[in-house]
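The values are calculated or read from the model by the stated rules, or taken from the named source; none is laboratory data. Predicted model, so just to flag it, every value in this text is computed and none were measured. So basically every Cβ, Gly included, is an ideal-geometry build from the backbone, and we count neighbours across all protein chains shown.
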C-alpha cells in the first residue's frame, strides 16, 4: 500500500490506469486501524487493484479536495476518475465484492 501525499497523489492515483483504492484515514481513528488491516488483506487477494492511503491530518488539502466527511473513507478511482466512495468501516468481503464488480466496467 502506497503512502500518498500532495507530491505523489497525481502521479500515483490520477495518472494511474485501472482501479486504485485510496483509504483516507486518521491515526486517532480506531475504525481506521481496523480498516487498514482489512485493506492489507484485500490488497493481497485482489492483485489487479492498486492501493494507497492518505493520512488526512498530514494531507488536509487532499481530504478537502475529495470532501472526506469522516474516517475511514475509501474512494475507488478508475483511470484517475472517482467511480465509487464509501465512508465508514466495511468488511473484507464487501470490499472484495465491490472491487470485483468494478473490474468488469
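Is it the case, given these coordinates, that residue 27 is at pLDDT below 95 and either exposed (fewer than 13 other Cβ atoms within 10 Å of the Cβ) or not in a loop (DSSP other than H, G, I, E, B) (or both)?
No; evaluated as a whole, the condition is false for this residue.
Surrounded by fewer than 16 Cβ atoms within 10 Å (Cβ to Cβ) and in contact with a strand residue (DSSP E or B) (Cβ under 7 Å, 6 or more places away or on another chain): is that true of residue 86 in this structure?
yes
Out of region 53-101, which residues are in a helix (DSSP H, G or I), more than 18 Å from residue 41 (Cβ to Cβ) and within 14 Å of the chain's Cα centre (by Cα)?
Selection gives 62, 63.
Given the criterion in contact with a helix residue (DSSP H, G or I) (Cβ under 7 Å, 6 or more places away or on another chain) and either surrounded by 15 or more Cβ atoms within 10 Å (Cβ to Cβ) or touching a residue at least 12 places away in the same chain (Cβ under 8 Å) (or both), identify the matching residue among 96, 75.
None of the other options fit; the residue is 96.
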